[in-house]
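To start, the structure under review is shown below, and the notes come after it.
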Amino acid sequence: MDLLHSGADEEFRAEARAWLTAHVPRTPLPSLETEEGFAAHRAWEAELAADRWSVVSWPEEFAGRAASLLAWLVFEEEYWAAGAPGRVGQNGISLLAPTLFAHGTAEQRARVLAPMARGEVVWAQAWSEPEAGSDLASLTSRAVRTDGGWRLSGQKTWSSRAAFADRAFGLFRSDPDTPRPHQGLTYLMFDLRAPGVTVRPVGRLDGKPAFAEVFLDEVFVPDEDVIGEPGQGWRIAMSTAADERGLTLRSPGRFLASAARLHELWRERGGPADARARVADALIGARAYQLFTYAAASRVLDGASLGPESSMNKVFWSDYDLALHETALDVLGAEGERAGSAWAEGYVFSLAGPVYAGTNEIQRDIIAERLLGLPKGRR
Ligand SMILES: Cc1cc2nc3c(=O)[nH]c(=O)nc-3n(C[C@H](O)[C@H](O)[C@H](O)COP(=O)(O)OP(=O)(O)OC[C@H]3O[C@@H](n4cnc5c(N)ncnc54)[C@H](O)[C@@H]3O)c2cc1C
């Protein structure tokens, strides 16, 4: 007996599975971190959206299916089990969209969400700066008031996929004279091709160019692109961060599928003596993460917010992904080192997991202080 899923969820699962079986490309798309792959993934977003599979949990008026959070988790399980392409629209869909649902205006939702769902406008997250990563509140990029809007200046960095994306959302210092750095920040959306914006690609470890730093020189942004009240950016950004670390960035469906593939690989190849136990750990870990996430989702459905508990998800999924890929490479032996293999690419990307979405050291501090009630560490 399944305590979690209703008959309706299972019908939804069957419908999603049938659609994915008919539509998932038979050969994997080129990497979305390249120009060609980016275009191919955009087209895939449009194909998903045409049959309303792009944003299943959004209201129907914004191209969704109004699916519940639990149904969305079901969809994710089917999506990754089917080997469907990575989501190039992810930053927009899982970070900006929940922020707009919670803090945006009706006009912003009407203007931004449907083109995002169709992959016509792909969004980049422009939060980090050279001197503001973990300590995000120390950011110095400015938003200065002007007629009808704001002028943005400064530098953002480590912006995933910004080299090929269309627009970005980020935090800017609109009042430099506040007593605390978390105050006086404003959350804005801007066009990556607007006059005054320079996007400079940064090569990743695997040589792919989609990562970028973004330079802004007096870039005009109209008032309609401010999210929430000017000066309230920090509070709004923290709700985005909980989404990023918690449910939406790495759903358990992805790890259930990866663990099943690792299991398959190990059954075919064997591997070093400890591989059996490590594969078992991967299978158990994916299931544990699934149950943990369902518990969190149930709490959210009961009206709770994700809050600092999302830091536990973040630490878990990033450590898990790394261990899973290390096991796969050990099972493959020398062959695993071959550049271009999916396991090798996945391994290189998993190395970044403990860094992006807030480093694991920071997450552990949050868990220690806000969940366990331990005293503040020395900074
Ligand atoms: C693959 C990847 C994709 C990314 N994508 C984006 C993106 O799309 N948009 C975006 O805005 N940013 C993005 N980032 C940036 C990412 O959010 C930052 O790298 C991250 O927040 C860490 O900041 P930093 O690199 O400046 O490191 P720092 O903050 O300088 O940290 C360096 C080290 O010091 C540790 N440290 C710092 N402060 C403390 C403390 N108080 N207590 C304990 N340890 C501490 C950190 O944990 C880390 O180990 C991405 C990063 C990566 C690797």
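A compact table of results
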quantity	calculated
Tally of residues being open to solvent by less than 40 Å² (accessible area, probe 1.4 Å) and either under 24 Å from Leu291 (Cα atoms) or in contact (Cβ under 8 Å) with a residue 60 or more places away in the chain (or both) across the range 54-68	5
From Ala334, Ala357, Ala352, Ala368, residue being over 20 Å from the mean Cα position of the chain (by Cα) and either within 16 Å of the ligand (Cβ to nearest atom) or surrounded by 17 or more Cβ atoms within 10 Å (Cβ to Cβ) (or both)	Ala368
Leading residue by the ranking (nearest to the ligand (Cβ to nearest atom)) among those in the range 192-205 that are closer than 28 Å to Ala342 by Cβ and loosely packed, with under 14 Cβ neighbours inside 10 Å	Leu205
Inter-residue pairs, beta-carbon under 6 Å, first touching a residue at least 60 places away in the same chain (Cβ under 8 Å) and in the range 356-373, second near the ligand (Cβ under 8 Å from one of its atoms) and polar (S, T, N, Q), 6+ apart	Thr359/Ser134; Ile362/Ser134
Hits in the range 277-298 (condition: touching a Ser or Thr at 6+ places or on another chain (Cβ under 9 Å) and open to solvent by 50 Å² or more (accessible area, probe 1.4 Å))	Arg278, Asp281
Among (1) assigned to a loop (DSSP other than H, G, I, E, B); (2) farther than 30 Å from Glu224 by Cα; (3) open to solvent by 20 Å² or more (accessible area, probe 1.4 Å); (4) in contact with a His (Cβ under 8 Å, 6 or more places away or on another chain), the one test that Arg87 misses	(2)
So Ser318, is it closer than 22 Å to Ala81 by Cβ, within 14 Å of the ligand (Cβ to nearest atom), open to solvent by less than 60 Å² (accessible area, probe 1.4 Å) and touching a Gly at 6+ places or on another chain (Cβ under 6 Å)	yes
Hits in the range 140-153 - residues which are surrounded by fewer than 20 Cβ atoms within 10 Å (Cβ to Cβ) and under 28 Å from Tyr356 (Cβ atoms)	Thr140, Arg142, Ser153
When residues of the range 164-191 are limited to those that are open to solvent by 50 Å² or more (accessible area, probe 1.4 Å) and among the acidic types (Asp, Glu), the one nearest to the ligand (Cβ to nearest atom)	Asp191
Selection within the range 124-140 - of a type in the set (S, T, N, Q) and either more than 8 Å from the ligand (Cβ to nearest atom) or within 27 Å of Phe38 (Cβ to Cβ) (or both)	Gln125, Ser128, Ser138, Thr140
Subset tally (residues that are in contact (Cβ under 8 Å) with a residue 40 or more places away in the chain and either assigned to a strand (DSSP E or B) or more than 13 Å from the ligand (Cβ to nearest atom) (or both)) for the range 141-163	14
Residue count, the range 269-328 (criterion: in contact (Cβ under 8 Å) with a residue 60 or more places away in the chain and among the acidic types (Asp, Glu))	2
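The values are calculated or read from the model by the stated rules, or taken from the named source; none is laboratory data. Keep in mind the model is a prediction, meaning the values are calculated, not measured. Positions of Cβ are generated from backbone atoms using ideal geometry, with glycine treated the same way; all protein chains shown enter the neighbour counts. SASA here: full protein model, heavy atoms, side chains in, ligands and nucleic acids out. Shrake-Rupley method; radii C 1.70, N 1.55, O 1.52, S 1.80 Å.
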